[in-house]
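Chemist: I'd like to ask some things about the structure below.
Read-outs: derived from the displayed coordinates by stated rules, not from any lab. This structure is a prediction, so every number in the text was calculated from the model and none was measured. No Cβ is skipped: glycine too gets one built from the backbone with ideal geometry, and neighbour counts run over all protein chains shown.
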Amino acid sequence: MKYRPALNSFRGVPGTHAKLLSAMKLALKYSAARRVETGTILLKQNAVELGRIAEWAGAARLDGAIFYALNPRGRSWQELMPDASGAAAAVDELTRLKRLGVRVNNSFGHLARMKAHYAAPTAESAPAFCLAAVTARIRHDGDVYVCPFTPPVGNVRAGGFWKVWDSAAARAAREKAAFCGKPCGSHSCHFQPGLLERIWEFAKRTPSAARPYSKKPLRI
């Protein structure tokens, strides 16, 4: 990835770009899971570059690139939010590249929901299952979160992870997170396309002669 001073100045920490590339090389060399991908939030400042980031990730032998939508939170999100047309153009480019085989790790449904999000960033999203309901985040201090935007449900240092996972607080948080509908779920990294959406994506990508079902209409 070509260095530009703006890459450091935007983060505000000199050397950020070089440290990022160094960390990726170390991850590729030592990662036990052998899955390393870039993660980029679609911002006003980088909207025209997302396609190049996806192509660079492939050329760097990463396991692709995933893109996130900006959550309308904090005091300065308006300064980072691209306009609807700029965001739509960026998402359309990612969709085009994905269809060409570039490793854009978002699903087509995820990209479509991101595009809708940027058209109305503060509106509640359509109900969609959020993977926060079946995942957990453990911070460096041991706190366990079901959703990063809600309070922790326990701490692994007080009895271990499974004690926290099976607690009443964790169960209640997972149930609440499953279909919360807030403007972060359906366009974030936790978005999980529904079954019908997956069937439709498969049908659009697969030639009719190769589809593993009869030519009779599919009724659901």
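Chemist: Sorted by mean Cβ packing within 10 Å, highest first, what order do the peptides 144-154, 43-53 take?
Modeler: Going from most to least packed, we get 144-154, 43-53.
Chemist: Further, regarding this structure: Under a Cβ-only charge scheme (Lys and Arg +1, Asp and Glu -1), can you give me the dipole magnitude of the stretch 79-176 about the Cα centre, in debye to the nearest 20?
Modeler: 400
Chemist: For the ranges 85-95, 155-165, what's the packing order if you count other beta-carbon atoms within 10 Å of each residue, average per peptide, and put the highest first?
Modeler: Most protected by this proxy first, the peptides run 85-95, 155-165.
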